[in-house]
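A.B. asks: Structure provided below as structure tokens; questions to follow.
The values are calculated or read from the model by the stated rules, or taken from the named source; none is laboratory data. Predicted, not measured: the structure shown is a model, and the values here were computed from it. Neighbour counts run over all protein chains shown; Cβ positions are idealised from the backbone, glycine included. With ligands, DNA and RNA removed, areas are computed over all heavy atoms of the protein, side chains included. Shrake-Rupley method; radii C 1.70, N 1.55, O 1.52, S 1.80 Å.
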Amino acid sequence: MKLSGIATVFCSFVGLAGLMIQPALAGDKDKMMMLVKYEISDGPAIKAINKSLTGKPGDPKKGEDLMANRKKGNCFACHMISSLAAKAKDNPKKYADMGEIGPPLDGVAGRYTEGELRMMLVDSHKVFPDTIMPSFYRNTGFTRIKGKFKGKTVLKAQEVEDILSLLKTFK
Amino acid sequence: MTPISGIKMMKKMIKLTVGVLLLAGFSTSAVLAADGKSEAVKPAAEFGLDEIWSGYHFAKKETQALQDDDFDNPGNLWLEEGAALWSKVDGDAKKSCQSCHNDASKSMKGVATRYPVYYAPRKKLINIEQRINLCRTEQMKAKPWKWKSKQLLAMAVYVNNQSKGMPVNIRITAENKPFWEKGKAFYYKRRGQLDMSCAHCHEKYYGKHIRSNVLSQGHINGFPTYRLKWQKPGSVHRRFKGCNKQVRAKPYGLGSDEYNNLELYVKWRGNGLPVETPAVRN
């Protein structure tokens, strides 16, 4: 089969790089991104991930771009944030037409702790099982995921921290 | 007077008659109001929606106006092409659609309200595009038209348009029930990296903005729908592919069994809505 051929070639390549992979799982595992390990605890309102995923502070400026970016967080598709919506006059492409699917994020840092917000971003389904909101830092448990997204997360660990550093300012 | 305007006149009269008949016969379906705008319909069976609205209701005013205008509707080009193809002889059997079905305004009336249907020789569902191609290969001994070809879209528009204004009326029978069940399971299954089901967008949040788009209930009473974004009509299956891709899921093929099952289920959800083909959407 064509697919297993590719997997074998890829596998030996990865093997050379020093990462040994079980051949039986190669088809799936060759594309799997390694995720940062995190611990879930109970927050005051919902579950929380209290420790930073990377140990490196987030950059709120990058966070704002990631929230707007349709290929990244695309948070504006569903959430309205008044302070950012005000910038639509100067940059409508980025800030106009914020969605109304989720609650406005104004004041969200007053409603949740940092750890709870991190949990929401990493895997919203753990907190709201029926939610439409994607899990941004999860790479398993999907159905018919398109090839190029297989084994990948929507956001990287540092990107989660970047967005979080901005969310924290929405008091 | 071109032949098409004659057809149009006739259709208008039929539409009026149908409207009157419906007012008399169907209590559950408010079809066309006096102003020609669609209205909410109460679902006959219980599912996730209390009220059913055509996508027309959520479209922009300008888009609605384009659809309503019998002359400016951009789908008319395909409607006219379909009318021309109807009587065009093709294939080794030297037949046209008309050879078997005569006057489309009579023989094709109501077809759009009940497709896709169970097709015994294949033991599965076929939709209108596949029915058209079966007639071509089996009856006319002609080549099937390609899914995205102008001819197949034009003929599907023309055939479905013969039911314009009639309420969608999918009946679940012993034969189509297993396929309906599969379509339903598809509808509620999360898929893709964004992990959303059809229901997340079209049942839970219809009427709301997702960025600049207003979510509709995702009905298919106007298909093939002329999409301004596509600059041409597109099939139901093309729309399904698009919605699958949006959530970063691997789409199924045009004409696939999966999409036929989904088409039956989604069409059923819109029971009572008037056929609008060719609808116009963003």
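A.B. asks: Looking only at region B:208-219, decide whether some residue is more than 24 Å from B:Ala65 (Cα to Cα) and assigned to a loop (DSSP other than H, G, I, E, B). Steps first, answer last, please.
C.D. replies: Taking region B:208-219 and keeping what is more than 24 Å from B:Ala65 (Cα to Cα), we get none.
There is no residue in region B:208-219 that is more than 24 Å from B:Ala65 (Cα to Cα) and assigned to a loop (DSSP other than H, G, I, E, B).
A.B. asks: To continue, here is another question. Within region B:251-282, how many residues turn out to be of a type outside the set (Ser, Thr, Tyr) and part of a helix (DSSP H, G or I)? Break it down into steps so the answer makes sense when it comes.
C.D. replies: Initially, region B:251-282 is screened for residues of a type outside the set (Ser, Thr, Tyr), giving B:251, B:253-255, B:257-258, B:260-264, B:266-276, B:278-282.
Add one more test, that the residue is part of a helix (DSSP H, G or I), and what stays is B:257-258, B:260-264, B:266-269.
Going through region B:251-282 one residue at a time, the tally reaches 11.
A.B. asks: Among what's in region B:188-242 and is open to solvent by less than 30 Å² (accessible area, probe 1.4 Å) and among the β-branched types (Val, Ile, Thr), pick the residue that is farthest from the other protein chains (Cβ to nearest Cβ).
C.D. replies: Result: B:Thr225.
Per-residue answers, yes or no, for (1) more than 14 Å from the chain's Cα centre (by Cα); (2) hydrophobic (A, V, I, L, M, F, W, C):
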position: A:Lys56; (1), (2): yes, no
position: A:Lys61; (1), (2): yes, no
position: A:Leu66; (1), (2): no, yes
position: A:Asn69; (1), (2): no, no
position: A:Cys75; (1), (2): no, yes
position: A:Cys78; (1), (2): yes, yes
position: A:Ser83; (1), (2): yes, no
position: A:Asp90; (1), (2): yes, no
position: A:Lys93; (1), (2): yes, no
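A.B. asks: For region B:121-147, give me each residue that is more than 17 Å from B:Trp268 (Cβ to Cβ) and touching a residue at least 24 places away in the same chain (Cβ under 8 Å).
C.D. replies: Within region B:121-147, the subset more than 17 Å from B:Trp268 (Cβ to Cβ) is B:121-123, B:129-147.
Matches in region B:121-147: B:Glu129, B:Gln130, B:Ile132, B:Cys135, B:Arg136, B:Gln139, B:Met140, B:Lys141, B:Ala142, B:Lys143, B:Trp147.
A.B. asks: Looking at region B:197-217, is at least one residue modelled with pLDDT of 95 or more, basic (Lys, Arg) and farther than 21 Å from A:Cys75 by Cβ?
C.D. replies: Within region B:197-217, not a single residue is modelled with pLDDT of 95 or more, basic (Lys, Arg) and farther than 21 Å from A:Cys75 by Cβ.
A.B. asks: Turning to a different aspect of this structure: Looking only at region B:248-260, which residues are open to solvent by 10 Å² or more (accessible area, probe 1.4 Å) and touching a residue at least 60 places away in the same chain (Cβ under 8 Å)? First the steps, then the outcome.
C.D. replies: Filtering region B:248-260 for residues open to solvent by 10 Å² or more (accessible area, probe 1.4 Å) gives B:248, B:250-258.
Answer for region B:248-260, where residues must be open to solvent by 10 Å² or more (accessible area, probe 1.4 Å) and touching a residue at least 60 places away in the same chain (Cβ under 8 Å): B:Leu254, B:Gly255, B:Asp257, B:Glu258.
A.B. asks: Here's something else I'd like to know. So, in region A:56-82, exactly how many residues are touching a Phe, Trp or Tyr at 6+ places or on another chain (Cβ under 8 Å) and within 11 Å of chain B (Cβ to nearest Cβ)? It would help to see each step written out before you state the result.
C.D. replies: Keep residues of region A:56-82 that are touching a Phe, Trp or Tyr at 6+ places or on another chain (Cβ under 8 Å), which gives A:67-68, A:73, A:76, A:81.
Then keep just the ones that are within 11 Å of chain B (Cβ to nearest Cβ); that gives A:68, A:76.
Residues meeting the conditions: 2.
A.B. asks: Need pairs with beta-carbon distance below 6 Å; first residue under 9 Å from A:Ile132 (Cα atoms) and within region B:185-202, second part of a helix (DSSP H, G or I); sequence gap 6+ or separate chains.
C.D. replies: The qualifying pairs are B:Ser197/B:Tyr188.
A.B. asks: Shifting gears a bit: Quick check: is even one residue across region B:79-96 modelled with pLDDT of 95 or more, open to solvent by 70 Å² or more (accessible area, probe 1.4 Å), acidic (Asp, Glu) and assigned to a helix (DSSP H, G or I)?
C.D. replies: yes
A.B. asks: Find the residue count for region A:83-118, including only residues that are within 14 Å of chain B (Cβ to nearest Cβ) and either open to solvent by less than 60 Å² (accessible area, probe 1.4 Å) or not acidic (Asp, Glu) (or both).
C.D. replies: Here is the first cut: in region A:83-118, the residues within 14 Å of chain B (Cβ to nearest Cβ) are A:84-85, A:88, A:92-104.
Imposing the further condition that a residue be either open to solvent by less than 60 Å² (accessible area, probe 1.4 Å) or not acidic (Asp, Glu) (or both) reduces the set to A:84-85, A:88, A:92-96, A:98-99, A:101-104.
Of the residues in that region, 14 qualify.
A.B. asks: A further question on this structure: Output the residues belonging to region A:125-171 that are free of Cβ contacts under 8 Å to residues at least 12 places away in the same chain, within 21 Å of A:Gly107 (Cα to Cα) and either out of contact with any helix residue (DSSP H, G or I) (no Cβ under 7 Å at 6 or more places or on another chain) or of a type in the set (A, V, I, L, M) (or both).
C.D. replies: A:Phe128
A.B. asks: While we're here: Can B:Lys245 be described as open to solvent by 40 Å² or more (accessible area, probe 1.4 Å) and within 30 Å of B:Ala83 (Cβ to Cβ)?
C.D. replies: Numbers: open to solvent by 40 Å² or more (accessible area, probe 1.4 Å): yes; within 30 Å of B:Ala83 (Cβ to Cβ): no.
Judged against the criteria, B:Lys245 is not a match.
A.B. asks: Filtering region A:119-171 down to residues that are of a type in the set (S, T, N, Q) and more than 12 Å from chain B (Cβ to nearest Cβ), which residue is surrounded by the fewest Cβ atoms within 10 Å (Cβ to Cβ)?
C.D. replies: Checked region A:119-171; the qualifying residue surrounded by the fewest Cβ atoms within 10 Å (Cβ to Cβ) is A:Thr169.
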